[in-house]
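Worksheet: the structure to be examined is printed underneath.
The values are calculated or read from the model by the stated rules, or taken from the named source; none is laboratory data. The model shown is predicted, which means the values in this text are computed figures rather than measured ones. No Cβ is skipped: glycine too gets one built from the backbone with ideal geometry, and neighbour counts run over all protein chains shown. Side chains included, ligands, DNA and RNA excluded: accessible areas come from the protein's heavy atoms. Shrake-Rupley method; radii C 1.70, N 1.55, O 1.52, S 1.80 Å.
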Amino acid sequence: MMGMMRMIRVACLVTMIVVLMWSSSTNTNSRLRMVRMVSGIGANWGTQASHPLPPDTVVRLLKDNGFQRVKLFDADYDTLNSLAKSGIEVMVGIPNDMLASLATSVKAAEKWVSKNVSAHISSNNVKIRYVAVGNEPFLSTYNGSFLRTTFPALQNVQSALIKAGLSNQVKVTVPQNADVYASSNGFPSGGDFRTDIHDYMIQIVKFLSDNGCPFTVNIYPFISLYIDSNFPVDYAFFDGNASPITDGSATYYNMFDANYDTLVWTLQKNGFGNLPIIVGEIGWPTDGDRNANLVYAQRFNQGFMSHILGGRGTPMRPGPIDAYLFSLIDEDAKSIDPGNFERHWGIFTFDGLAKYQLNLGSTNSGALVPAKGVRYLERKWCVMKPSASLDDQQVALSVSYACGLADCTSLGYGTSCGNLDDRANISYAVNSYYQRNNQLDEACKFPNLSMITKTNPSVGSCRFEIMIEPYYGAAERRSGHLQKPLSLVALFVFFMLTLV
């Protein structure tokens, strides 16, 4: 069984090196007041899914759960159109691969703002409040790829907003990973921007300050636990079970407060102590790693919600915290370079089911409300034939192929499907491919191996998914609609190779 597990487990390549401090500091005489008051919790809505829920369904999901703000990673027309007249505040995103074109052309920035901001505000009454220029562009693992384009792009987008008469209601920001700052002494009081990007960061921060815009940071205690087996687990959570850290007159009982205040110290040290801060991403994944599970995710997210709903803030910045949970829904097409957990950050599954009890303080029931009106494909699965042999040479090829083109991140040590036997592992892999390809008969024709069944093969916590009906809007045409014929061509080639 262990050999089979090793065969199907998708390797986790840690390409994110995130510096998240777990200590902090304050001086009570230098405590800062938040410039912008939080108005309910926000959510990140990512769309890197093979079968995304229809945007109208997602907007209803947001509203049913009391989300008043949403953060997007692009400016997809269907997504923004679905938010028309919803009353939900929107942060639209500009992907990193667009920074170069916007940095070198004011006209390009003006065209982007006209199409993706002005048009939606004036014609569709979309409540756009922020434009996120890039996403973690200074992440250390990008090796400086966006250092010279981020600030010029930021300037040009701001100029475009001014020209459009929108700069008072729509603010620019640059979501940064928490690795843009570090501490020289192991405490937040020693916080400062990384030396290799210090001048770039000061340039951006000054521009944000001059234009009344916020600093956006993504904070992930999970990543620290993922990359460091010696990290004190309890310190990642908010229930006070960890040994506190003292820095000057401040005592810190959790990593979030410590990391947040490291940023506060960094800004203050460089002369921007009153700059508003938005936590652009914070959350905990539920699968793909031994520490990514439902228990930890519920513990972290509920702890965070209770922490911010209490309005206590942090020692350096008492008061409301502006934050967006990461994320709303699982995305099965995300890159797994950082780790298999990347596809499992949602508080809802890919089809809009609540994963666990979570009180956002925004519904009468105090529980998550699932998506309504979700349409599924037929209740059938692709599984390993009872007559198929584990010794068949096609098994390894078939499993490798299926996992390479579908999603097997729930398989492996410590995952939700980590206790399956060899046959069930194979069934999970081929079913994932079958569902990804909309249950086409050809997608369950692995040589001498697979068959279609109407008996649910799910075991315990391991859910053998039935795919939802494909959405053929703009996002689907871009990311998923073309996948079906391409995958079938690849499957044909694979079958021909097995005959050689």
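The figures follow:
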| quantity | calculated |
| --- | --- |
| Number of the exception - SER209 against (1) among the small types (Gly, Ala, Ser); (2) touching a helix residue (DSSP H, G or I) at 6+ places or on another chain (Cβ under 7 Å); (3) more than 17 Å from MET91 (Cβ to Cβ) | (2) |
| Filter result (touching a strand residue (DSSP E or B) at 6+ places or on another chain (Cβ under 7 Å), surrounded by 24 or more Cβ atoms within 10 Å (Cβ to Cβ) and aliphatic (A, V, I, L, M)) within the range 297-320 | MET316 |
| Residue match in the range 329-349 (condition: surrounded by fewer than 22 Cβ atoms within 10 Å (Cβ to Cβ) and part of a strand (DSSP E or B)) | no |
| Selection count where residues are crowded, with 23+ Cβ neighbours inside 10 Å and not hydroxyl-bearing (Ser, Thr, Tyr), scope the range 239-266 | 13 |
| Considering residues of the range 211-263 that are of a type in the set (Asp, Glu) and out of contact with any His (no Cβ under 9 Å at 6 or more places or on another chain) only, the residue farthest from ASP287 (Cα to Cα) | ASP247 |
| Helices (runs of 4 or more DSSP H) fully within the range 401-500 counting 3 or more residues that are at pLDDT 95 or above and either open to solvent by 20 Å² or more (accessible area, probe 1.4 Å) or not assigned by the TED database to the domain that holds PRO55 (or both) | 422-436 |
| The range 365-396: number of residues that are assigned to a helix (DSSP H, G or I) and either modelled with pLDDT under 95 or surrounded by fewer than 17 Cβ atoms within 10 Å (Cβ to Cβ) (or both) | 2 |
| Wholly enclosed strands (runs of 3 or more DSSP E) of the range 53-151 bearing at least 1 residues open to solvent by less than 20 Å² (accessible area, probe 1.4 Å) and of a type in the set (Phe, Trp, Tyr) | 127-133 |
| Residue within the range 197-217 that is under 24 Å from GLY346 (Cβ atoms) and either open to solvent by less than 10 Å² (accessible area, probe 1.4 Å) or outside the structural domain of ASP287 (by the TED database) (or both) present | yes |
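Yes/no per residue for (1) open to solvent by 40 Å² or more (accessible area, probe 1.4 Å); (2) in contact with a strand residue (DSSP E or B) (Cβ under 6 Å, 6 or more places away or on another chain); (3) of a type in the set (D, E, K, R):
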position	(1), (2), (3)
SER159	yes, no, no
LYS171	yes, yes, yes
GLY186	no, no, no
GLY191	no, yes, no
